[in-house]
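The values are calculated or read from the model by the stated rules, or taken from the named source; none is laboratory data. Given the structure is predicted, the values throughout are model-derived calculations rather than measurements. Positions of Cβ are generated from backbone atoms using ideal geometry, with glycine treated the same way; all protein chains shown enter the neighbour counts. Ligands, DNA and RNA are stripped out before the accessible areas are found, and what is left, the full protein with its side chains, is counted by its heavy atoms. Shrake-Rupley method; radii C 1.70, N 1.55, O 1.52, S 1.80 Å.
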Amino acid sequence: SLSISKNHNTSHNQHFSFQVSMIAIRYDRLIFFPLAITAVIFCIISDSSILHQWITAERKMSIDLGGGKCQWTPPDYEGIEGVTFQKTLIAGFPSGDKRLTFVQMEALTGLPAKDEWDFQHLGMSNHPFIKANYPHHEGIWGWGDAADQVVMVVRNIKRAMVEYHDILWDIGYANTWEEAFQLIPNLYAERPPVEDFLAWRDERGFDEIKWYGWFIDYYMEGGLMRDMITNKITTPEHWNMLMIPNGYKFEDLQYDVVVGADTHVEPSYDPNCALISNGCAPVKVISAERLADPVKGPAVGLEIAAAVDDKEGMNVISPEARNCIWGELIIHKKGMKTFLDRDGYEEHDYSFTKGHLEKMVKELDRLIQKYSNVPWTTNSNAQVLVDLFQEHRGFILDDLAEGRFRRIMKRKSSLTPDRFRELE
């Protein structure tokens, strides 16, 4: 995956950071773990007295003009030292939705976000917002014990798959830092050819559908260790194998092989979650689609503001100006680019096979059934998920009813794993 933070509105401060994922070619032999490498470059030309001072009255928070009006301004992307913050982890399946969320937090507070890989490879810093794909194979727990609470961002499972591929295409499925760096201007600029998506879809789609649901369970259950294929509670040994991105063969990672079909397994939790003050369970679930919706979006923007308001170190813009901030970013598209800025094809132009759609419905059915019942009936975030998943399921059922799908086709760039042939 690749993420870039850039101040597009000033010539005095440009900040780039990105990660490159190498995707394993032989998906029929390897489980779905790419080899991740990280490369980072900073291009900074600035007045150091501006970048490194913290003066509350002169923070770069967006400006409240009164009367519900505002002026968007970028945060100080370098971060603020010497101030204690209650820090928020923005977690989500890789699909561009986290960026749409953290730019709201940045504009509301004047404070910056930082990617999990930047923490891992550039070192710790005092950024109050942390973007993370972990425990997905595109992520890494790079922020140590810096986070205090989790906000989980959710996209429609079908749209998430499309945007996930879009980001990989933006950097040309780069294998090296040099290749990715040359393609930075392409990020979020346009959508890839349909054929490129279809090739990736055939290789990766079925596995990633399972990763999507597994990711949701991980955070909702506070880091409970599960197998992403069977959804069974698993052992620390098996979990650690699943977390190592070094090309285990699929058959060697099967639950029945490593754990045993009839083995009683005591629940275990990812020890990393103990490093988050309030644990891995989210304090808020945010819908990326609803955040971008012209009608529902302002209310979601207020939910984001509420998640960070009154937290230590946070100085959120006045309530009267918060809807304006949402409009500046979503409607007027101020700030860094997001998936909303892509030109060319629309997301619905990228289709799936009937088997993919049916597998998505099956995964959503599992999640709906799970979070509709005890012990989740009194959990407000679980009920938000159920509402979202029922909506997403309806869209996919419409696609199936209208025949909006296509078959897997042989391509030089695509060798669909044999274990998915019966799902075509």
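General observations
- Residue within the stretch 363-372 that is closer than 27 Å to Ala147 by Cα, aromatic (Phe, Trp, Tyr) and in a loop (DSSP other than H, G, I, E, B) present: no
- Qualifying positions in the stretch 253-264 - surrounded by fewer than 16 Cβ atoms within 10 Å (Cβ to Cβ) and either closer than 16 Å to Tyr218 by Cβ or not acidic (Asp, Glu) (or both): Val257, Gly260, Ala261, Thr263, His264
- Residue within the stretch 114-124 that is hydrophobic (A, V, I, L, M, F, W, C), surrounded by fewer than 24 Cβ atoms within 10 Å (Cβ to Cβ) and in contact with a helix residue (DSSP H, G or I) (Cβ under 9 Å, 6 or more places away or on another chain) present: no
- Residue list for the stretch 298-327, restricted to those being open to solvent by 50 Å² or more (accessible area, probe 1.4 Å) and under 22 Å from the mean Cα position of the chain (by Cα): Ala299, Leu302, Glu303, Ala306
- Single condition Ala107 does not satisfy, out of (1) over 24 Å from Glu78 (Cα atoms); (2) part of a helix (DSSP H, G or I): (1)
- Residue list for the stretch 142-157, restricted to those being under 28 Å from Glu363 (Cβ atoms) and surrounded by fewer than 21 Cβ atoms within 10 Å (Cβ to Cβ): Gln149
- Some residue of the stretch 333-348 being in contact (Cβ under 8 Å) with a residue 24 or more places away in the chain, over 30 Å from Ala199 (Cβ atoms) and either in contact with a Gly (Cβ under 7 Å, 6 or more places away or on another chain) or open to solvent by less than 20 Å² (accessible area, probe 1.4 Å) (or both): yes
- Residue within the stretch 238-252 that is within 19 Å of Val154 (Cβ to Cβ) and either open to solvent by less than 30 Å² (accessible area, probe 1.4 Å) or modelled with pLDDT of 95 or more (or both) present: no
- Answer residue from the stretch 381-420, given it is open to solvent by 80 Å² or more (accessible area, probe 1.4 Å) and either over 29 Å from Tyr371 (Cα atoms) or outside any helix (DSSP H, G or I) (or both) and is modelled with the highest pLDDT among those: Arg404
- Qualifying residue in the stretch 197-210 (condition: more than 19 Å from the chain's Cα centre (by Cα) and open to solvent by 20 Å² or more (accessible area, probe 1.4 Å)): yes
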